[in-house]
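Notes for the one structure printed next.
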């Protein structure tokens with residue numbers, strides 16, 4: 001199927017279901033190597049008068065230096081038949097092999113930003129902000145204690161959603 005472009009304002013998806021239940025592949029590229037990682041934390045909305053996506057990456061993830069160096073990233077959402085690929089990308093490191101080849105996904109690019117042709121929904125994001133989460137900034141220390149026992153706080157990335165691609169029906 002072909003991908004068609006739509007405005008972020010035309011999206012008719014429940015963002016809580018998309019991110020928490022369906023998950024996404026966050027993909028960034030450094031040099032010639034792209035790497036996807038499964039994400040189930042994040043947000044979509046309006047920030048600084050721009051349609052925006054917020055994602056979080058821990059420093060030990062293979063994707064971390066890639067997204068730090070990249071101008072942008074993609075979030076790709078798939079139908080349920082791709083759940084095994086999402087599970088694999090969330091439980092294996094790109095340091096140990098080519099996750100894209102293992103999952104049989106087809107890499108495409110929008111400019112320098114990688115995404116997957118098999119996705120039912122793709123958000124192409126231009127990175128506009130990044131900041132490390134800090135323990136002292138948590139107003140509820142229990143949230144930090146529960147989620148960061150190793151003190152490996154995520155880095156937050158905010159991307160302007162510059163293009164939305166959906167599978168043509």
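GNM remark for the chain: springs join alpha carbons under 10 Å apart, and the peak mean-square fluctuation among 107, 139, 47 falls on 139.
Which of 32, 13, 118 moves the most in a Gaussian network model of the chain with Cα springs under 10 Å? Greatest mean-square fluctuation among the candidates belongs to 32. Highest GNM mean-square fluctuation among 67, 128, 113, for the chain modelled with Cα contacts below 10 Å: 128. Derived value for the chain: Kirkwood hydrodynamic radius 16.3 Å. Basis is the mean of 1/r over every pair of different alpha-carbon atoms.
Taken together, the values in this text are just the output of simple stated rules run on the coordinates, not laboratory data. Quick caveat: nothing in here was measured; it's all calculated off a predicted structure.
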